[in-house]
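Here's the structure we're looking at; comments come further down.
The values are calculated or read from the model by the stated rules, or taken from the named source; none is laboratory data. Just so it is clear, the model here is predicted, and its values are computed rather than measured. Methodologically, a virtual Cβ is constructed for each residue, glycine included, from the backbone with ideal geometry; neighbour enumeration extends over all protein chains shown. Side chains are part of the model used for accessible areas, which takes the heavy atoms of the whole protein and leaves out ligands, DNA and RNA. Shrake-Rupley method; radii C 1.70, N 1.55, O 1.52, S 1.80 Å.
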Amino acid sequence: MENVPNIARDRPDRLLVIGCGMIAREVLAVKEQLALDHLDLTCLPAEFHYYPDRIPPALDKAILKAKAEGYDRIFVGYADCGTGGMLDSVCEKHGVERMAGPHCFAFYQGMQAFEAIGDGDMLSFYMTDFLCRQFDAFFIKPLGLDKHPELIRDYFGHYQKVVYLAQTNDPELDKVAEDAARLLGLAYERRFTGYGDLTSSLAEAAGAAGT
């Protein structure tokens, strides 16, 4: 996570991305790829993935803080993410835009591709690079599966397959996703998405900030 307090006061072209901690590494990767030197990043806790009701009030505070630090250009690195439109209300209140789509699993694939898949993925359990790196911390331990593996069927019995949306080609992450599918007793599919719409959305937001 990258925080650059007060720098915006001297650089009005700077863009602050307030994003989900689950996509921090990816935002920074896009920043490097596109040489977006005027892009700054701050993140809300990744654990909000489990508590979407916490995202809107936290975002509201983060935007107020950013404006107090001098940021005129702010982009929200969240999709709706289960907030039921509450995130949009915060964005509208402050006159900022967010990532399009219902969640990161959609914008990583690209909204057009996600919509084309439609109901075909209704029974899929999505994993990303972040969720592969944090599989134990985000799933195994919080759900108690390390001590009670018999609960796997209760939690995952309604899924048909694990779909790993890979942002990078990393054999170690591939193995985590494959092992997860095996552990959960599900079929496995890997889709290389790269950063999907995150790249074009950040490029557009940063371009607007630089104009």
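Residues of the range 25-41 that are touching a strand residue (DSSP E or B) at 6+ places or on another chain (Cβ under 6 Å) and either within 15 Å of GLY194 (Cβ to Cβ) or part of a helix (DSSP H, G or I) (or both): VAL27, LYS31. Residues in the range 43-57 that are in contact with a helix residue (DSSP H, G or I) (Cβ under 7 Å, 6 or more places away or on another chain) and not in a loop (DSSP other than H, G, I, E, B) were compared, and the one that is surrounded by the fewest Cβ atoms within 10 Å (Cβ to Cβ) is ARG54.
Would you check if TYR126 is hydroxyl-bearing (Ser, Thr, Tyr) and either free of Cβ contacts under 8 Å to residues at least 40 places away in the same chain or surrounded by fewer than 12 Cβ atoms within 10 Å (Cβ to Cβ) (or both)? Spelling it out, TYR126 is indeed hydroxyl-bearing (Ser, Thr, Tyr) and either free of Cβ contacts under 8 Å to residues at least 40 places away in the same chain or surrounded by fewer than 12 Cβ atoms within 10 Å (Cβ to Cβ) (or both). Quick one: in the range 179-199, of everything that is part of a helix (DSSP H, G or I), farther than 12 Å from PHE156 by Cα and touching a helix residue (DSSP H, G or I) at 6+ places or on another chain (Cβ under 8 Å), which residue is least open to solvent (accessible area, probe 1.4 Å)? So, considering only residues that are part of a helix (DSSP H, G or I), farther than 12 Å from PHE156 by Cα and touching a helix residue (DSSP H, G or I) at 6+ places or on another chain (Cβ under 8 Å), the one least open to solvent (accessible area, probe 1.4 Å) is LEU198. Per the listing ARG133, ARG98, the residue uniquely touching a Leu at 6+ places or on another chain (Cβ under 8 Å), open to solvent by 20 Å² or more (accessible area, probe 1.4 Å), farther than 22 Å from LYS161 by Cα and at pLDDT 95 or above is ARG98. Looking at the range 137-156, can you tell me whether even one residue there is open to solvent by 40 Å² or more (accessible area, probe 1.4 Å) and in contact with a Pro (Cβ under 9 Å, 6 or more places away or on another chain)? No, because not a single residue in the range 137-156 is open to solvent by 40 Å² or more (accessible area, probe 1.4 Å) and in contact with a Pro (Cβ under 9 Å, 6 or more places away or on another chain).
Scan the range 162-173 and tell me whether some residue there is under 23 Å from ARG54 (Cα atoms) and either within 14 Å of the chain's Cα centre (by Cα) or open to solvent by less than 40 Å² (accessible area, probe 1.4 Å) (or both).
Within the range 162-173, the subset under 23 Å from ARG54 (Cα atoms) is none.
Looking for residues that are under 23 Å from ARG54 (Cα atoms) and either within 14 Å of the chain's Cα centre (by Cα) or open to solvent by less than 40 Å² (accessible area, probe 1.4 Å) (or both), one finds none in the range 162-173, hence no.
For the range 136-158, the set of residues classified as hydrophobic (A, V, I, L, M, F, W, C) and either at pLDDT 95 or above or not in a loop (DSSP other than H, G, I, E, B) (or both) consists of ALA137, PHE138, PHE139, ILE140, LEU151, ILE152, PHE156, listed by residue number.
For the range 81-95, a residue qualifies if it is out of contact with any Phe, Trp or Tyr (no Cβ under 9 Å at 6 or more places or on another chain), under 17 Å from HIS49 (Cα atoms) and either open to solvent by less than 30 Å² (accessible area, probe 1.4 Å) or among the basic types (Lys, Arg) (or both), and the qualifying residues are THR83, GLY85. Looking across GLY118, GLY196, one residue alone is at positive phi and touching a Phe, Trp or Tyr at 6+ places or on another chain (Cβ under 8 Å). It is GLY196.
Take the range 59-102 and flag every residue that is on the phi < 0 side of the Ramachandran plot and part of a loop (DSSP other than H, G, I, E, B).
GLU69, TYR71, ASP72, TYR78, ALA79, ASP80, THR83, VAL96, MET99, ALA100, PRO102
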